[in-house]
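Here is the structure we will look at, set down as structure tokens.
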Amino acid sequence: VLLVIALLALVGAGLLAAWALRNQASYFYLPSEIVAEAPAADQDVRLGGMVEAGSIVTQADGVTVQFIVGDGNARVPVRFTGIVPSLFVENSGVVAEGTMGADGTFVATNLLAKHDENYMPRELEGMSAEQVRAQVEATLE
């Protein structure tokens, strides 16, 4: 009897969690997927790709930024109002969270800038490979 009650409680908790998170799911799209079949205007999605060179334009208000995200096959214009991350630059990866506007512009509410594989934390800059390895090993002990 206790096993059945525990199983029912576990299933109930899973269903409750799924119901609570039903509107929190955010689908990830590449620019070519958005161009091929745009999501509904009220659907929260994530758009990922590369910020095209020469496409970043800051508006007169100083907080609105427009740029183009591409994946080599398609391009999507993006508008973001807010403070951009310090790693947000041209020719770098970005994930924009938001919705598609009626005019075909992706309206971002959040930007996540991606660093390249050569990223180095400030604490490790200027160290040799042996020093970095020793520092990492020291933190693992």
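Label the stretch 1-65 by shape, choosing from rounded, prolate and oblate, from the square roots a ≥ b ≥ c of the eigenvalues of the Cα gyration tensor; if a/c is under 1.5 it is rounded, and otherwise prolate applies when a/b is larger than b/c, oblate when it is not.
Values: a/c = 4.08, a/b = 2.93, b/c = 1.39.
Prolate shape, in that a/c is at least 1.5 and a/b is the bigger ratio.
In the Gaussian network model of the chain, springs joining C-alpha atoms below 10 Å, which of Ala18, Ala96, Ala38 carries the largest mean-square fluctuation?
Evaluated over the chain, the most mobile residue of the options is Ala18.
Any idea what the dipole of the chain comes to, in debye rounded to 20, about its Cα centre with Lys/Arg Cβ at +1 and Asp/Glu Cβ at -1? Don't skip to the answer; put the middle values down first.
Values: 7 positive and 17 negative charges, 81 e Å.
That gives the chain a dipole magnitude of about 380 debye.
Compute the Cα gyration tensor for the chain, then decide on rounded, prolate or oblate, letting a ≥ b ≥ c be the square roots of its eigenvalues: rounded whenever a/c is under 1.5, prolate when a/b is larger than b/c in the other cases, and oblate in all that remain.
oblate
With the full set of protein chains in place, find how many percent of the accessible area of the chain is carbon and sulfur; take the probe as 1.4 Å. Show your work: numbers first, answer last.
Working: 5720 of 9780 Å².
C and S fraction of accessible area: 58 percent.
Please give the calculated 222 nm ellipticity per residue for the chain, where each DSSP H segment of at least 4 residues contributes -39500 (n - 2.57) and the sum is spread over every residue; nearest 500 deg cm²/dmol? Kindly include the intermediate steps, with their values, before the conclusion.
On the way: 3 runs with 37 residues, N = 141.
Roughly -8000 deg cm²/dmol at 222 nm, from the helical runs in the chain.
Find the centroid of the Cα atoms in the stretch 1-59 and in the stretch 68-84, then give the distance between the two in whole Å.
19 Å
Which one of Gly14, Ala36, Gly104 is farthest out on the positive end of the charge dipole of the chain, using unit charges on Cβ (Lys, Arg +1; Asp, Glu -1) and the Cα centre as origin?
The listed residue farthest towards the positive side: Gly14.
When ligands, DNA and RNA are left out and all protein chains stay put, how many square angstrom of accessible area per residue does the stretch 1-91 have with a 1.4 Å probe? Don't skip to the end; give the middle numbers.
Numbers: 6260 Å² over 91 residues.
On a per-residue basis, the stretch 1-91 sits at 69 Å².
The values are calculated or read from the model by the stated rules, or taken from the named source; none is laboratory data. The shown structure was predicted, so the numbers you read here are calculated from the model rather than taken from an experiment. We place every Cβ from the backbone using ideal geometry, glycine too, and count neighbours over all the protein chains shown. Heavy atoms of the whole protein, side chains included, go into the accessibility calculation; ligands, DNA and RNA do not. Shrake-Rupley method; radii C 1.70, N 1.55, O 1.52, S 1.80 Å.
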